[in-house]
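The values are calculated or read from the model by the stated rules, or taken from the named source; none is laboratory data. Computed from a prediction, not measured in an experiment: that's the story for all the values here. Side chains are part of the model used for accessible areas, which takes the heavy atoms of the whole protein and leaves out ligands, DNA and RNA. Shrake-Rupley method; radii C 1.70, N 1.55, O 1.52, S 1.80 Å.
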Amino acid sequence: NHDLHVDVQAIEFSPALAGLVYVGNDGGIWKSLQHGAVETWENLNQNLPGVLLYSVALSQDGSMIAGTQDNGAVLSDTGGIWKIVLGGDSNRNLIDPINSNLAYYTSYWADYFQRYNKSTGQSVNIRPSQFDSEPCNFFPAFTMNRWSPNHLIAGCQHLVRSRSQGAVWTTIGGSLADPNQPNEWWNTINATCEAPSDSRVIYASATGGRVLATVDADQGPN
């Protein structure tokens, strides 16, 4: 049994062979020889890669985690085949550059911030509670300091940081949203980065083309 992707983009019936139908969707191309009956679909994507990558992160042993359009967060273990760890839209996923056993994946809005253990296949929810009451971009800002990979930064309208792999999050400063339109999802942080040379320095870009920086970020709890 092969389940079809829910986002179907095209359907074509064969004029020459009764019962033959092709479907194109966000997961590729499939065919059925039985008029599309349930459990008759065949996956035709073995030699037809077709996925839109939003982002990819790499560890030193060749392991990678990537975010895709509508095909989820995908992980490649030391250069091996890709496997899906989350369905749907995913972007801005992270992997520890030294210890590839530790990765992070997200989904649209602020529904998923997960820490993933590659060895066990287990995920832990690390979603910042600060995002419960404010709008977020479709893909919230989410970055790692690759020189201090325990340090994570995320942003909706406020910027938050963890120095404990997402176990504890501390708010850095006030809202970076335009106060004239506070409830709009696009009125948010769209990118952020902690300076590798000094963890007190954090940069962020926000609505209206603004680029902001702090040089005395609250160190907060570990």
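Given a 1.4 Å probe and the protein chains as shown, residue 142 ends up with an accessible area of around 10 Å². Computed with every protein chain present, the accessible area of residue 70 is close to 30 Å² [probe 1.4 Å]. Compared with the alpha-carbon gap, the fully stretched path from residue 5 to residue 119 is longer by 38.2 nm at 0.36 nm per residue. The residues of the chain present an accessible area of 52 Å² per residue when probed at 1.4 Å with all protein chains retained. Short-range pairs are left out: with C-alpha atoms under 8 Å and at least six residues apart, the relative contact order of the chain is 10 percent.
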